[in-house]
Amino acid sequence: MRFPRDEAVQDHPIIQDELELLDRVRILLEEQPYDLPPSEAGIVAELLRIRDEIVDAKEEDKGALMEQYHRQIALLEQLREARKRPQVDPDSPYFAHIRLRENGRERDLCLGKATRIQRGIRIVDWRDAPISKIFYRYQQGEEYEEDIGERALIGEVVARRTVAIRGGKLEGILSPDGSFSLRKDGEWHVDAIEAPRMAGGEGAAMRAHDSGKGMHRRLGTDLEGHRRRSDKRLPDIAGLIDTEQFELITQPQSGFVVIRGTAGSGKTTVALHRIAYLAYDDPRIDSKATMFVVFSKALRDYVAHVLPALGVENAQVRSFGDWAREQRRNHFNKLPRKVRDDTPAVVLKLKNHPAILAALEEQVRTVDGRNTREQALDDWMSVMVNAPLLKRVFARVAPGSMSDAEIDRVTTWARDRNEELVNWLEGEREISVELDAEDDALLLRAWQLRVGRLRRRGRPLVYRHIAIDEVQDFSPIEVRVLLETLDKNRSITLAGDTQQHVMQDAGFTSWADFFGHLGVRGTAVNTLRIAYRSSHPIVSFAVDLLGEYWEDDNVPVTTRGGPPVELFKFTDHGATVAFLSDVLRDLIRAEPLASVAVLTPGRDMSRLYYDGLDKGEVPRLRLVEDQVFTFAPGVEVTEVQSVKGLEFDYVILVETSAQRYPDTPTARRVLHVGATRAVHQLWITCVGTLSPVVREAVAKLPG
């Protein structure tokens, strides 16, 4: 039975079917609210009896009594574990319902967050119940054959629906026969005849508007304006750069070139192609003396192939962390190699703060010492425990940024770590000593201030050109270390976007302050204003996510339209997974070259969604760990913080709840970064209370 969209359908059989099922579940839960195991009182009493009996027992009887005692202990632990199992929530008992036909008989199965099988009601936990595979792997009307335990189940999926139940009330149904919702007036309506789907990327022409500057194609498309690449790394697009980008690429070699641009405006592209341009005039640029520096391994792998494609075979592409760790080990080879992962946040804040640069400089200027590795090491250790020095410098350089109490906590912590390190260096290797990743830059800067240039194989380490991408997420001390490795031309390219500043402890506040900390005041900032990557709906939404923290007067210029940004709300993670499993299977089938990112707020959610989508047999599914992306077609599940600088055809931001994304500048920027990774289409999902940041942006969506 089909109905027109938005028509009242109070008596639709699907609605009546789901209401009747919910009534049966509600009655069961009201009559027997909890399916708890029996009381542990009997087992505890038995344990006490056996314990007392052991005291007075003969020696030959104690073995048997002890065996009884341990058996009762095991039973008690099993009982207590059973009591920890989640219980079915009467307000939202399940989120999905399938009806199976096997051997001519039909039975209903519901999926929820807990298991309850009683009086003909079957609710199973979608995360670990083997039979839930049938829901995730088969569509309505399909025949299934699955081995569940030691049984082979063969049958047909008669009905397959997801439902929204809030406060014990059925409010929505999504099925192949239509999408239904209960309106505020108490009437049921048809919302859609077909389920939502992602589409629009495969072979879609994406021609840029003609800006009057000779720009007729967008970055990343082929000669006809299509995206058909199976390799999803950053493409070599030397023939597609626009006039503004070309002017930046062809700047003279000496001095600073600073590129500011919105997400997808081509900052990384310009920085890479500028190296190729410089190498054409100066073949010495194509050597190990040129380095493209990024902040993450993912971005390193994303861009690493571009320079060879442009004919630059020998320049390095390095993450700063890898480069700094290598240099620190070369210059301070006796220090421990392990990296600490439990450092207090206040310590990391101080180590990344621009004021630490001034503190190190004052330490070296005022403390006499030999220009040796040992003295540089002492400078680093001394600064970290010198509370009067740090308080004085912070009051002068950045008043109010760190309190005296915070500095005292840092120096107390550092004093303990210094003692451990000294003992370790003196031979007490039975203790485990670690350094912070942030210590690498501090030690290298201490070397530069005390000893001089960094060295490589006994000779000064000198670079002819350095380009730094996403510079807003580097600390000033990290950039200063790199600056001091340049030759006399000081040739450097800095590319960044303050809107994407998500490393809040990195010390970046504004371009002017940043350059001031580096000692290069008055440096001009060149701005790229055309957002090539994302469609206009995505860019507009991303700007609204930033709200008052958007720093420009105008929305970036975009080159094409696209489907609207959409929000999907669910009552349960399992319902979200079920919905996305269907959508993503269809998408990969229709667009085999598509790349999709399912972006989560944390590692726990990445694992949950990967496991669920894997159960749903989503093809080409990958869980990204340690930022190891394949840059191949398929679906990659990872944390939103891992994708800075990358792009995907489709992006789904999941779990955008108020708990995960409160209204803070950091949350706004993280969401902005996630949204602007999408080329064609952006979806948002949420379980629970929607983030106020997302709610504010969604309210501005057209229609």
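The values are calculated or read from the model by the stated rules, or taken from the named source; none is laboratory data. The model shown is predicted, which means the values in this text are computed figures rather than measured ones. Methodologically, a virtual Cβ is constructed for each residue, glycine included, from the backbone with ideal geometry; neighbour enumeration extends over all protein chains shown. These accessible areas exclude ligands, DNA and RNA; they are computed on the full protein's heavy atoms, side chains included. Shrake-Rupley method; radii C 1.70, N 1.55, O 1.52, S 1.80 Å.
When Trp424, Trp447 are checked against the criterion of being assigned to a helix (DSSP H, G or I), modelled with pLDDT under 95 and surrounded by 17 or more Cβ atoms within 10 Å (Cβ to Cβ), a single residue qualifies: Trp424. The set of residues in the range 279-321 that are acidic (Asp, Glu) and closer than 19 Å to Ala495 by Cα contains only Asp301.
Please go through the range 115-164 and give me each residue that is part of a helix (DSSP H, G or I) and either at pLDDT 90 or above or buried (at least 19 other Cβ atoms within 10 Å of the Cβ) (or both), ordered by number. Once the filter is applied, which keeps residues that are part of a helix (DSSP H, G or I) and either at pLDDT 90 or above or buried (at least 19 other Cβ atoms within 10 Å of the Cβ) (or both), the range 115-164 yields Ser132, Ile134, Phe135, Tyr136.
Out of Leu584, Leu653, Leu623, Leu646, one residue alone is touching a helix residue (DSSP H, G or I) at 6+ places or on another chain (Cβ under 9 Å) and free of Cβ contacts under 8 Å to residues at least 40 places away in the same chain. It is Leu623. The set of residues from the range 457-479 being open to solvent by less than 10 Å² (accessible area, probe 1.4 Å) and either in a loop (DSSP other than H, G, I, E, B) or without any contact (Cβ under 8 Å) to a residue 12 or more places away in the chain (or both) comprises Leu461, Glu470, Phe474, Ser475. If the condition is being assigned to a helix (DSSP H, G or I) and either at pLDDT 90 or above or buried (at least 22 other Cβ atoms within 10 Å of the Cβ) (or both), then the range 253-283 contributes Lys267, Thr268, Thr269, Val270, Ala271, Leu272, His273, Arg274, Ile275, Leu278, Ala279.
Here is a yes/no grid of residues against (1) surrounded by fewer than 21 Cβ atoms within 10 Å (Cβ to Cβ); (2) aliphatic (A, V, I, L, M); (3) touching a Cys at 6+ places or on another chain (Cβ under 6 Å):
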{"position": "Tyr302", "(1), (2), (3)": "no, no, no"}
{"position": "His305", "(1), (2), (3)": "yes, no, no"}
{"position": "Ala315", "(1), (2), (3)": "no, yes, no"}
{"position": "Gly321", "(1), (2), (3)": "yes, no, no"}
{"position": "Ala324", "(1), (2), (3)": "no, yes, no"}
{"position": "His331", "(1), (2), (3)": "no, no, no"}
{"position": "Leu335", "(1), (2), (3)": "yes, yes, no"}
{"position": "Lys338", "(1), (2), (3)": "yes, no, no"}
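Would you point out which residue out of Asp513, Asp505, Asp497, Asp544 is farther than 25 Å from Leu443 by Cα, acidic (Asp, Glu) and modelled with pLDDT under 85? When all the criteria are applied, what remains is Asp497.
Answer yes if at least one residue in the range 658-667 is over 18 Å from Arg533 (Cβ atoms), of a type outside the set (Asp, Glu) and in contact with a Phe, Trp or Tyr (Cβ under 8 Å, 6 or more places away or on another chain), and no otherwise. Yes, the range 658-667 contains a residue that is over 18 Å from Arg533 (Cβ atoms), of a type outside the set (Asp, Glu) and in contact with a Phe, Trp or Tyr (Cβ under 8 Å, 6 or more places away or on another chain). Screening the candidates Met384, Met402 for the property of being closer than 15 Å to Leu435 by Cα and open to solvent by less than 30 Å² (accessible area, probe 1.4 Å) yields one hit, Met384. In the set (1) in contact (Cβ under 8 Å) with a residue 24 or more places away in the chain; (2) outside any helix (DSSP H, G or I); (3) over 27 Å from Ser432 (Cβ atoms); (4) not charged (D, E, K, R), Gln363 fails one condition alone, (2). Across the range 14-66, the number of residues qualifying as over 30 Å from Gln140 (Cβ atoms) and not in a helix (DSSP H, G or I) comes to 10. Restricting Arg325, Arg396 to those that are basic (Lys, Arg), assigned to a helix (DSSP H, G or I) and in contact with an Asp or Glu (Cβ under 6 Å, 6 or more places away or on another chain) reduces the list to Arg325. In the range 165-182, the residues that are free of Cβ contacts under 8 Å to residues at least 24 places away in the same chain and under 14 Å from Pro93 (Cα atoms) never reach a residue that is open to solvent by 20 Å² or more (accessible area, probe 1.4 Å) and outside any strand (DSSP E or B) with C-beta atoms less than 8 angstrom apart, at least six apart or across chains. When the range 165-179 is limited to residues that are part of a strand (DSSP E or B) and open to solvent by less than 20 Å² (accessible area, probe 1.4 Å), the one that is modelled with the highest pLDDT turns out to be Leu170. Residue count for the range 407-456 satisfying the condition of being free of Cβ contacts under 8 Å to residues at least 40 places away in the same chain and under 30 Å from Ile492 (Cβ atoms): 2.
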